[in-house]
1. Label points 7 Å out from Cα along the Cβ direction at Val64 and Arg143: separation in nm?
2. Just to confirm my numbers, what's the Cα centroid distance between region 68-142 and region 171-187 in Å?
3. Enumerate the amide H contacts of Ala128 below 5 Å, restricted to partners 5 or more residues apart or on another chain; note that Pro and chain-start residues carry no placed amide H.
4. If packing is taken as the average number of other Cβ atoms within 10 Å across a peptide's residues, how do 99-109, 36-46 rank, most packed first?
5. For the peptides 137-145, 170-178, what is the packing order when you average, over each peptide's residues, the other Cβ atoms within 10 Å and list the highest mean first?
6. Need the list of lysines near Lys167 for cross-linking: C-alpha distance under 23 angstrom, and skip anything on the same chain fewer than eight residues off.
7. Considering the options Met101, Gln114, Ile87, tell which one lies farthest towards the positive end of the dipole of region 80-125, charges being +1 on Lys and Arg and -1 on Asp and Glu at the Cβ, about the Cα centre.
8. Based on the mean of other Cβ atoms within 10 Å per residue, sort peptides 21-27, 80-86 so the most packed one is first.
Amino acid sequence: MASATDTRYGHKDATDQNFDYMFKLLIIGNSSVGKTSFLFRYADDTFTPAFVSTVGIDFKVKTVYRNDKRVKLQIWDTAGQERYRTITTAYYRGAMGFIMMYDITNEESFTSVQDWATQIKTYSWDNAQVILVGNKCDMDDERVISPDRGKHLADQLGFEFFEASAKDNIHVRQVFERLVDIICEKMSESIDSDHPMASGGKHLRFMDTSPPLQQNCAC
Ligand code: GTP
Ligand code: MG
């Protein structure tokens, strides 16, 4: 597991204070749906066909410009394997946005979306924004979930929906940018309320309520 100060995970950027907003985002979904690949494609524009299942949780930092604002994204990549669930759900607190991912070639990963939605309800705050992503849309020959089923489920859950491919770089950037935009929209809606989302002006930052990454983790 990488430590939060590991240079591979954006140390330079992580110490950069020059931003207007900081959003904490989480990527969740079953093991092997492509969460890590999606993040690597977005942050580093790389893809590897090898599967190295994530142990616990990792993050990367990326800054985007949206609506004349510098938005620093702290993107947490969670392990899909059940045995890490206690660790990963501890990071839901304070997350403003979720990318909930399934694999269009894997029925079980789609069935699990309902359970992931319950996890969000249980462990995160009510205003967190969610985008449902059907990943691996490059594998149309092996597709078992139609785009319509994905869209229908997203509508039922009140989420936005994209099909994407980390491999072929389809809709990866768009998913993150849309998530940033809907968080910004929600923020301006609640700006007059006493909701924590409205608790700052220009330099709104969210308290990092995540447990610290374990240093020298032996797992
Ligand atoms: P856990 O860390 O165990 O939760 O899995 P994960 O969701 O992070 O999956 P990961 O990104 O490691 O990808 C699993 C496998 O799917 C790897 O072999 C990837 O190369 C492959 N993969 C990921 N995204 C795509 C995609 O868009 N298209 C194709 N064809 N393969 C993909
Ligand atoms: Mg992973």
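1. About 2.4 nm, to one decimal.
2. 14
3. Amide H neighbours of Ala128, under 5 Å, 5+ apart: none.
4. The densest-packed peptide leads the list: 99-109, 36-46.
5. Working: 137-145: 14.6, 170-178: 18.7.
Going by the mean number of other Cβ atoms within 10 Å, highest first, we get 170-178, 137-145.
6. Correct list for Lys167: Lys35, Lys60, Lys62, Lys136, Lys151.
7. Farthest towards the positive pole: Ile87.
8. Details: 21-27: 23.9, 80-86: 13.7.
Going by the mean number of other Cβ atoms within 10 Å, highest first, we get 21-27, 80-86.
The values are calculated or read from the model by the stated rules, or taken from the named source; none is laboratory data. The model shown is predicted, which means the values in this text are computed figures rather than measured ones. Glycine gets a Cβ as well: all are built from the backbone with ideal geometry, and neighbour counts include every protein chain shown. Just the protein is used for accessible areas: all its heavy atoms, side chains included, with ligands, DNA and RNA removed. Shrake-Rupley method; radii C 1.70, N 1.55, O 1.52, S 1.80 Å.
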